[in-house]
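Inspection log for the structure reproduced underneath, given as structure tokens.
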Amino acid sequence: MVTRYYHKQMVSVLTALVTALFFLSPSFSDARQTDPADETIQYLLEYVARSDLTFVRNSGRYTAQEASQHMQKKFEHFRDEIETPEEFIELCATSSLLSGKPYQVINKHGETVNTSEWLTTELKEYRNSATAGVR
């Protein structure tokens with residue numbers, strides 16, 4: 001009787017371990033990252049992070065790294081609704097969900113541009129360089 005109980009316990013534990021390993025394995029967890037749209041979105045997030053611009057969100061000013069982190073959080077929130085880089089820009093880099101105010105970037109000359117326009121321009125350049133084999 002004890003052996004049978006022990007056997008059932010071990011089967012349950014092993015099943016749970018195998019299931020956990022499957023879901024945590026790099027091939028499963030990184031499956032979405034191999035999607036070309038996701039690669040482009042990650043490029044855009046990195047582009048934001050390494051820019052030397054000031055980001056304006058709800059009248060507050062933020063560094064490029066802070067802006068990238070905020071967009072990443074929105075991307076994670078809207079992940080199931082985003083299939084293209086354009087949808088990423090629309091949902092994560094256009095405006096505040098709270099106030100509706102557009103996100104903006106300020107360059108070193110003090111010029112202000114909507115973040116969605118700035119990122120859409122970079123997306124076009126990225127795709128052009130990809131088709132030309134420049135990346």
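Determine if region 95-104 includes at least one residue that is closer than 24 Å to P36 by Cβ, in contact with a strand residue (DSSP E or B) (Cβ under 7 Å, 6 or more places away or on another chain), assigned by TED's automatic domain parsing to the domain that holds P36 and surrounded by 15 or more Cβ atoms within 10 Å (Cβ to Cβ). No: region 95-104 contains no residue that is closer than 24 Å to P36 by Cβ, in contact with a strand residue (DSSP E or B) (Cβ under 7 Å, 6 or more places away or on another chain), assigned by TED's automatic domain parsing to the domain that holds P36 and surrounded by 15 or more Cβ atoms within 10 Å (Cβ to Cβ).
Of all residues in region 36-67, those satisfying the criterion of being free of Cβ contacts under 8 Å to residues at least 40 places away in the same chain and either over 15 Å from N114 (Cα atoms) or aromatic (F, W, Y) (or both) are P36, D38, E39, Q42, L45, E46, A49, R50, Y62, T63, Q65, E66. What are the residues in region 105-121 that are surrounded by 13 or more Cβ atoms within 10 Å (Cβ to Cβ) and farther than 15 Å from A64 by Cα, if any? Matches in region 105-121: E117, T120.
The values are calculated or read from the model by the stated rules, or taken from the named source; none is laboratory data. Just so it is clear, the structure is predicted and the values come from calculations on it, not from any experiment. Using ideal geometry, Cβ is built from the backbone for each residue, glycine included, and neighbour counts are taken over all protein chains shown.
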